[in-house]
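**Student:** What follows is a structure written as structure tokens; I'll ask about it next.
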Amino acid sequence: MQPELIQRFIAIVGEQYALSGKDELTHYTHENRGLFVGKTPLVLKPVTTQEVSQIMRLASETQTAIVPQGGHTGHVGGAVSDESGSQIVVSLERMNRIRELDLDSNALVCEAGCILQNIQQLADENNLLFPLALGSQGSCQIGGNISTNAGGTGVLAYGNTRQLVMGLEVVLPSGEVWNGLRRLKKDNTGYDLKDLFIGAEGTLGIVTAAVLKLFPKPKGKAVAFCGMKRVEDAISLLKLANEHAGQSLTAFEFMARTPVRLTVEKMDGVRNPLTSFHNWHVLIEISSGISEADASDMLETILAKPLEMGLIEDAALASSISQQKDFWRLRETMPLAQKQAGGSMKHDISIPIHRIPEFLNAADSVVLSQIPEARLYTFGHLGDGNIHYNITQPQDADENAFLAQQPQVNDLIHALVVEFDGSVAAEHGVGQLKRDLIAKTKDPVELQLMCTIKRSIDPDNIMNPGKVVIVN
């Protein structure tokens, strides 16, 4: 890239907020798991929507590719530049203002660089709830959450990020600004444009601000950890919990024996709430708008019959908020424990809930036929069908030899996902990691519509090119 052009971009944000030194750029060019490493001549840190607009106008004029970046916590290479060294990274980290807290509408207007945990805390301080909850919430930014349509543990009751956004402000590839910061619950005036940008991973424009939905803060919660013999029993419990609790059922997580055992072994301060390990474990959370006692009564009612019938082999009810956090810590630290256990193959997929037992039987059979001693590290959000179908290397095996089999195993697992009418990308997005997989597995008409939208909004393909879809 010509030095003169670099200086024109730098002039928009100022020397202090433009990075070009090799050591300064490393954080922005390396995907956090190390799967993707890119190059860039420049990282820009705008602080206003107007500065983002000016960046995109210059990019459009000069046909310069732009890679938007949030908290840099993604797993699919969606916010990493390519290896050409010609793509400029635009970090939204300085755009972190709360523009307005609307307590009458239970809405929050904030900029894209706001840290998710800070949004949660602001809602909590005002006796409200922003229910998006992720393991990376201490560093991920709401713009990235929106651009990936992040899921998390609250999807069962509150939906994905898409269901939590009322309006958006977006800078288009041309530099034009779409002000869609509406906080209307009813707006039936044609295409819902915000849904184009939610989950688009920055390939259609840069989200600079959003109107988020807030909810009444629960007055009480109850959490239980259960051991079960079969995943079919967990699904029966889920059905019963839905019937009794409805929207008060705010989480229903499931975990196989191996991830629970390894997490207890590997993570300091984590213990098994039960007296032994079971084939399957369920963490269930009930939230009440009335009281903690109401939540506890509801949860005990849900568990009583399955315990009597033997569907639940053992159960522990958290007796304090501290114990509730301990139960959740076991679930939330599973990815870290797997990392400590050696090489892993990970599949973030979703399957229709009623077909999950059949899928798991088929997938386990396929994996063990390829790697007989593999440790099946399955866990996820059973309530919304999102499975983290992970595989940990056999104990004492060579990690490189294990990982060399990943392409073949991935192909087999993803073929099963398609066969079972599932999705090969549930909550982590597409990025670079699953771009070619999407091209192979999506309905051709659906894929063509996506490419048509991309070409229409970004005809010069300067907006995070090479992610999600490839257009000619």
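**Student:** Can you say whether Q393 is within 25 Å of V231 (Cα to Cα), more than 20 Å from the chain's Cα centre (by Cα) and surrounded by 21 or more Cβ atoms within 10 Å (Cβ to Cβ), as far as the supplied structure shows?
**Tutor:** yes
**Student:** Mind listing just one residue for me: the one in segment 40-49 that is among the polar types (S, T, N, Q) and without any contact (Cβ under 8 Å) to a residue 60 or more places away in the chain and, of those, nearest to R97 (Cα to Cα)?
**Tutor:** Among those that are among the polar types (S, T, N, Q) and without any contact (Cβ under 8 Å) to a residue 60 or more places away in the chain, it is T48.
**Student:** While we're here: Restricting to segment 104-115, give me the number of residues that are outside any strand (DSSP E or B) and touching a residue at least 24 places away in the same chain (Cβ under 8 Å).
**Tutor:** Within segment 104-115, residues that are outside any strand (DSSP E or B) and touching a residue at least 24 places away in the same chain (Cβ under 8 Å) number 5.
**Student:** Given the options I321, I302, I286, name the one that is hydrophobic (A, V, I, L, M, F, W, C), touching a His at 6+ places or on another chain (Cβ under 7 Å) and farther than 30 Å from V409 by Cα.
**Tutor:** I302
**Student:** Take the residues in segment 302-335 that are part of a loop (DSSP other than H, G, I, E, B) and polar (S, T, N, Q); name whichever of them is surrounded by the most Cβ atoms within 10 Å (Cβ to Cβ).
**Tutor:** T333
**Student:** Now, a different point. For segment 443-464, name all the residues that are surrounded by 18 or more Cβ atoms within 10 Å (Cβ to Cβ) and either in the same structural domain as V207 (by TED's automatic domain parsing) or outside any helix (DSSP H, G or I) (or both).
**Tutor:** Across segment 443-464, the qualifying residues are D458, I462, M463, N464.
**Student:** Can you name the number of the only condition in (1) part of a helix (DSSP H, G or I); (2) closer than 25 Å to T263 by Cβ; (3) modelled with pLDDT under 90 that K440 fails?
**Tutor:** The one condition K440 does not meet is (2).
**Student:** Return the residue satisfying two criteria in turn: it lies in segment 354-376 and is in contact with a Ser or Thr (Cβ under 9 Å, 6 or more places away or on another chain) and small (G, A, S), and of such residues it is surrounded by the most Cβ atoms within 10 Å (Cβ to Cβ).
**Tutor:** Across segment 354-376, the extreme among qualifying residues is A363.
**Student:** Mind listing just one residue for me: the one in segment 180-205 that is out of contact with any Ser or Thr (no Cβ under 9 Å at 6 or more places or on another chain) and not in a loop (DSSP other than H, G, I, E, B) and, of those, farthest from L103 (Cα to Cα)?
**Tutor:** Across segment 180-205, the extreme among qualifying residues is L196.
**Student:** Hey, another quick one. Select from segment 263-301 the residues that are aliphatic (A, V, I, L, M) and in a loop (DSSP other than H, G, I, E, B) and list them in ascending order.
**Tutor:** Hits for segment 263-301 are M267, V270, L274, I290.
The values are calculated or read from the model by the stated rules, or taken from the named source; none is laboratory data. Quantities reported herein were computed from a predicted structural model and do not represent experimental measurements. Positions of Cβ are backbone-derived with ideal geometry, glycine not excepted, and every protein chain shown enters the neighbour counts.
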